[in-house]
Amino acid sequence: MTRIVEATEEGLKIAALIIKRGGLVAFPTETVYGLGADALNPEAVAKIFEAKERPFFDPLIVHIADVKELDLLWLYIDDRAKALIERFWPGPLTIVLPKKDIVPDIVTAGLNTVAVRMPSHPVALRLIRESETPIAAPSANRFGYLSPTMPEHVLKQLGGRIDLIIDGGRTPVGVESTIIDLSEETPLLLRPGGLPVEEIERVIGKVKMLTESEKPRSPGQLPRHYSPRTPLRIIEDENFEVPFGIKAGLLAFKEAKYREKFFAVEVLSPSGDLKEAACNLFPCLHRLDDAGLDIIYAEAIPEEGLGRAIMDRLRKAQAKR
Ligand code: AMP
Ligand code: MG
């Protein structure tokens with residue numbers, strides 16, 4: 001049985017008790033819903049992988065509520081990390097640095113680094129504080145499927161597999177955190193996300209971005225991820241036509257052109273605002289995926305700011321199984 005509680009004082013007390021006893025709690029962050037367990041308890045963390053059917057080679061992000069907890073997790077904090085933390089935490093930025101021994105191998109998939117983030121969502125922060133431990137949390141979905149931005153998404157995918165869901169309504173950012181690896185000389189963007197890389201570069205200078213052909217360094221970069229069950233194609237051609245007799249859906253950016261050709265249409269942002277588009281991305285994809293379509297066509301989004309994170313998710317949804 002999976003219980004759902006409101007984000008009240010009492011609800012958070014129950015949730016924290018479950019975390020302390022080695023259970024699993026889904027909770028809202030500003031990016032997407034996370035599936036949390038005590039990051040320092042390997043048996044608890046193992047349950048995350050079971051519930052999500054996530055392969056053990058895919059490392060988790062550790063969530064903290066106070067920078068003091070960093071001394072426990074990271075071997076050192078360099079000046080670049082300090083500058084980014086000062087500027088962007090709490091917020092949708094995850095930083096990777098060499099780990100201390102106390103961080104269990106199951107959290108990092110055996111890597112000698114650990115990814116850490118301080119979320120800005122008040123419910124996430126209160127849960128971490130009340131649990132009195134850092135919380136390891138990937139997105140609260142089945143591995144590879146669309147990320148959850150509402151409690152219903154979590155229930156649909158993980159109901160019966162986890163102890164508790166904290167209902168915090170819709171998540172405001174709507175795409176996962178930006179992940180930056182500072183464990184080597186050159187800062188490396190591991191995943192574009194809720195914090196535009198342009199803003200990071202303003203603080204620490206040039207960030208290296210992996211090209212599609214470069215070998216995945218971490219499994220969130222596997223070509224297929226964040227995917228609906230329905231096949232998805234990005235529209236590249238101006239003169240695009242829906243093939244005859246196909247039940248197709250459209251994920252439009254601003255306005256739904258050629259709306260009449262589609263069985264279902266979702267618009268990311270009528271005003272063309274990338275922030276709004278990112279927030280609506282997964283809810284729109286969930287609805288299209290539930291509409292019984294043969295295929296979802298998605299309009300390309302300008303690849304700047306948050307558009308980079310949106311296009312990354314669409315390309316991964318498009319990649320062949
Ligand atoms: P999720 O929690 O589902 O958003 O996925 C977290 C992602 O963070 C993983 O899929 C990895 O790509 C990345 N990640 C976590 N820890 C590390 C690490 N130590 N080194 C590199 N990437 C990491
Ligand atoms: Mg995920």
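The values are calculated or read from the model by the stated rules, or taken from the named source; none is laboratory data. These figures come from a predicted structure and were not determined experimentally. Every residue, glycine among them, receives a Cβ derived from its backbone with ideal geometry; neighbour counts consider all protein chains shown. Each accessible area value is taken on the protein alone, full model and side chains, heavy atoms only, with ligands, DNA and RNA left out. Shrake-Rupley method; radii C 1.70, N 1.55, O 1.52, S 1.80 Å.
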Checklist outcome for this item: So the pair-distance distribution of the chain, from every Cα-Cα distance in 10 Å bins, comes to percents of 6, 27, 35, 23, 8, 1, 0
Checklist entry - For labels at Glu199 and Glu260 in the simple 7 Å Cα→Cβ model, what's the distance in nm? => result 4.2
Checklist entry - How big is the antiparallel share of DSSP beta bridges in the chain, given as a percent to the nearest 5? => result 40
Item to check | Accessible-area order (highest first, 1.4 angstrom probe) of the listed residues Leu285, Leu111 | outcome: Leu111, Leu285
Checklist outcome for this item: Of the convex hull enclosing the alpha-carbon atoms of region 277-316, the direction-averaged projected area in nm² is 2.8
Checklist entry - Taking the Cα centre of each part, how many Å lie between region 273-299 and region 33-82? => result 29
Next on the checklist: Ordering Phe49, Phe244 by accessible area with a probe of 1.4 Å, largest first, what comes out?
Outcome noted: Phe244, Phe49
Checklist entry - For region 1-142, which whole-number percentage of the solvent-accessible area (1.4 Å probe, protein heavy atoms only) is attributable to carbon and sulfur atoms? => result 54
Next on the checklist: Output the 0 to 90 degree angle, nearest 10, between the alpha-carbon long axis of helix 122-131 and the longest principal axis computed from the alpha carbons of the chain.
Outcome noted: 30
Item to check | Arg21 versus Asp78: modelled label distance in nm, points set 7 Å from Cα along the beta carbon direction | outcome: 4.4
Checklist entry - For Arg161 and Ala291, what does the FRET efficiency come to when R0 = 22 Å and r is the distance between their Cβ atoms, rounded to the nearest 0.05? => result 0.30
Next on the checklist: Give me the base-10 log of I(q)/I(0) for region 1-152 at each q in 0.15, 0.19, 0.20 Å⁻¹, Debye formula, one uniform scatterer per Cα, rounded to two decimals.
Outcome noted: -0.72, -1.19, -1.32
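What is the packing order of peptides 64-75, 298-309, 22-33, taking the mean over residues of other C-beta atoms within 10 Å and listing the highest first?
Highest mean packing first, the order is 22-33, 298-309, 64-75.
May I ask you to compute the full-extension gain from Arg224 to Ala109, defined as 0.36 nm times their residue separation minus their alpha-carbon distance, rounded to one decimal in nm?
39.5 nm
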Checklist entry - Can you work out the FRET efficiency for the pair Glu304 and Glu241, with r the C-beta to C-beta distance and R0 = 35 Å, to the nearest 0.05? => result 0.80
Checklist entry - Is there a pair in Lys47/Lys316; Lys275/Lys316; Lys52/Lys99; Lys68/Lys100; Lys52/Lys156; Lys68/Lys99 whose C-alpha atoms are over 18 Å apart, and which pairs would that be? => result Lys47/Lys316; Lys275/Lys316; Lys52/Lys99
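With the other protein chains left in place, how much accessible area per residue, in square angstrom, belongs to the chain at a 1.4 angstrom probe? Could you put the intermediate results ahead of the total?
Details: 14060 Å² over 321 residues.
Counting only protein heavy atoms, the per-residue value for the chain is 44 Å².
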Checklist entry - Mind checking the angle between helix 79-88 and the chain's longest principal axis? C-alpha axes, 0 to 90 degrees, to the nearest 10. => result 60
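Please go through region 84-147 and write out the GluC sites (Glu not before Pro) that DSSP classes as loop and that have at most 12 other C-beta atoms within 10 Å.
Glu132
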Checklist entry - What accessible area, in Å² to the nearest ten, does a 1.4 Å probe give for Arg224? => result 60
Item to check | Dipole magnitude (debye, nearest 20) for region 175-321, charges at Cβ of Lys, Arg, Asp, Glu | outcome: 500
Checklist outcome for this item: In nanometres, the difference between 0.36 nm per residue of separation and the alpha-carbon distance of Ile14 and Arg170 is 54.0 nm
Checklist entry - Can you give the net charge of the other residues whose Cβ lies under 9 Å from the Cβ of Val114, counting K and R as +1 and D and E as -1? => result +2
